[in-house]
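Below: one structure, written as structure tokens.
The values are calculated or read from the model by the stated rules, or taken from the named source; none is laboratory data. This structure is a prediction, so every number in the text was calculated from the model and none was measured. Methodologically, a virtual Cβ is constructed for each residue, glycine included, from the backbone with ideal geometry; neighbour enumeration extends over all protein chains shown.
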Amino acid sequence: MTQPFRILIADDHAHAREAIRELLSLHEQFQIVGEATMELMQLN
């Protein structure tokens, strides 16, 4: 199996980040490694 794409979600709208996270989590080839906002950046 190949390595998944590592994704950092960056958007200043929480609902947009949540929607993107939900869509990407449906696919095994994507790994969400963190999220970034205008105020704060969080890494898993």
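Annotations for the structure displayed:
- Where a residue in the stretch 9-38 is without any contact (Cβ under 8 Å) to a residue 12 or more places away in the chain and surrounded by 11 or more Cβ atoms within 10 Å (Cβ to Cβ) and its partner, wherever it lies, is not hydrophobic (A, V, I, L, M, F, W, C) and not in a helix (DSSP H, G or I), with Cβ under 8 Å and at least six apart: Ile20/Asp11
- The set of residues in the stretch 26-44 that are among the polar types (S, T, N, Q) and modelled with pLDDT under 95 comprises Thr37, Gln42, Asn44.
- Residue check, Phe5 at pLDDT 95 or above and either surrounded by 13 or more Cβ atoms within 10 Å (Cβ to Cβ) or out of contact with any strand residue (DSSP E or B) (no Cβ under 8 Å at 6 or more places or on another chain) (or both): no
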